[in-house]
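Participant: So that we are looking at the same thing, I have put the structure below in structure tokens.
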Amino acid sequence: MERVLFVCSGNICRSPAGQEICKLEARRMGLELEVGSCGTLRLPGEPAAPFTIKALEERGVDMSAFRSRALSYFLLREADHILCMEQHHLEEVLHELGGDRDLVKTLAVITEFHPDETFRNDAGIYDFVRAEWPEYREGIAEVEACVRHFLHFLDRSADRSSEES
């Protein structure tokens, strides 16, 4: 089973949203994935941000039991695909992996999978954890759009692999 790991700063907003949206969409698409998240600030045990909980409730996901996890070499090595919310998260992941990108199949800033090509070379999805609700919802929607596009990419890659076998 393929493993996807989302990385942000505190692991209370963007990456937990990515994690739960990915689980939801993967089930909907019939993809079997193991999905997790962690944060570069290494603050384990924190609950998801209130607006993250609210935004995911709108999608039918209960995040009340969620607790943050710290970025670690162990979590990174278990992952097949690592999606970072910003470029500096990717740089920290690379540092933790000793600079070896080949240890994972995908290591990218999440906006590389944005459905709108004009956002693909963006610096990522900024930290909207302190934003007001309308802006927060927009941020979660951006994460969702990128996750969906990534899952379609993953699904097409799996189809190509099975055709080659």
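Participant: List, please: which pairs have Cβ atoms under 7 Å, are six or more places apart or on different chains, and start with a residue in the range 16-31 that is in a helix (DSSP H, G or I) and end with one that is hydroxyl-bearing (Ser, Thr, Tyr) and modelled with pLDDT of 95 or more?
Facilitator: The qualifying pairs are Pro16/Ser37; Pro16/Thr52; Ala17/Thr52; Gly18/Ser37; Gln19/Ser37.
Participant: Filter the range 130-144 for residues that are crowded, with 19+ Cβ neighbours inside 10 Å and not charged (D, E, K, R); which is farthest from the chain's Cα centre (by Cα)?
Facilitator: In this case the residue turns out to be Tyr136.
Participant: Would you confirm whether any residue within the range 120-133 is acidic (Asp, Glu), in a helix (DSSP H, G or I) and either at pLDDT 95 or above or farther than 14 Å from Glu25 by Cα (or both)?
Facilitator: Scanning the range 120-133 turns up no residue that is acidic (Asp, Glu), in a helix (DSSP H, G or I) and either at pLDDT 95 or above or farther than 14 Å from Glu25 by Cα (or both).
Participant: Go through the range 116-129 and count every residue that is surrounded by fewer than 13 Cβ atoms within 10 Å (Cβ to Cβ) and of a type outside the set (A, V, I, L, M).
Facilitator: Going through the range 116-129 one residue at a time, the tally reaches 4.
Participant: From the residues in the range 119-152 that are free of Cβ contacts under 8 Å to residues at least 40 places away in the same chain and among the charged types (D, E, K, R), which one is farthest from Arg3 (Cα to Cα)?
Facilitator: Only one residue fits best here, namely Glu132.
Participant: Now for a separate question. Just one of Asp80, Asp116, Asp62, Asp155 is charged (D, E, K, R), out of contact with any Lys or Arg (no Cβ under 7 Å at 6 or more places or on another chain), in contact (Cβ under 8 Å) with a residue 60 or more places away in the chain and over 17 Å from Leu41 (Cα atoms); which is it?
Facilitator: On inspection, the qualifying residue turns out to be Asp155.
Participant: Further, regarding this structure: Out of contact with any Pro (no Cβ under 8 Å at 6 or more places or on another chain), buried (at least 17 other Cβ atoms within 10 Å of the Cβ) and hydrophobic (A, V, I, L, M, F, W, C), is that true of Ala49?
Facilitator: Judged against the criteria, Ala49 is a match.
Participant: Which condition number does Phe51 fail, the rest of (1) touching a residue at least 40 places away in the same chain (Cβ under 8 Å); (2) over 24 Å from Ala26 (Cα atoms) being met?
Facilitator: Condition not satisfied by Phe51: (2).
Participant: Ok, one more. Among the small types (Gly, Ala, Ser) and either without any contact (Cβ under 8 Å) to a residue 12 or more places away in the chain or out of contact with any helix residue (DSSP H, G or I) (no Cβ under 9 Å at 6 or more places or on another chain) (or both), is that true of Ala70?
Facilitator: So Ala70 fits the description; yes.
Participant: For the range 93-110, enumerate the residues that are charged (D, E, K, R) and either within 17 Å of Ser72 (Cβ to Cβ) or touching a residue at least 12 places away in the same chain (Cβ under 8 Å) (or both).
Facilitator: Glu96, Asp100, Lys105
Participant: Also: Being within 17 Å of Val4 (Cβ to Cβ) and within 11 Å of the chain's Cα centre (by Cα): is that true of Val109 here?
Facilitator: For Val109, the condition - within 17 Å of Val4 (Cβ to Cβ) and within 11 Å of the chain's Cα centre (by Cα) - is met.
Participant: Here's a follow-up. Answer yes if at least one residue in the range 3-20 is among the aliphatic types (A, V, I, L, M) and farther than 19 Å from Val109 by Cα, and no otherwise.
Facilitator: There is no residue in the range 3-20 that is among the aliphatic types (A, V, I, L, M) and farther than 19 Å from Val109 by Cα.
The values are calculated or read from the model by the stated rules, or taken from the named source; none is laboratory data. Not measured: the values here are computed from a predicted model. Please note: Cβ atoms are built from the backbone with ideal geometry, for glycine as well, and neighbour counts cover all protein chains shown.
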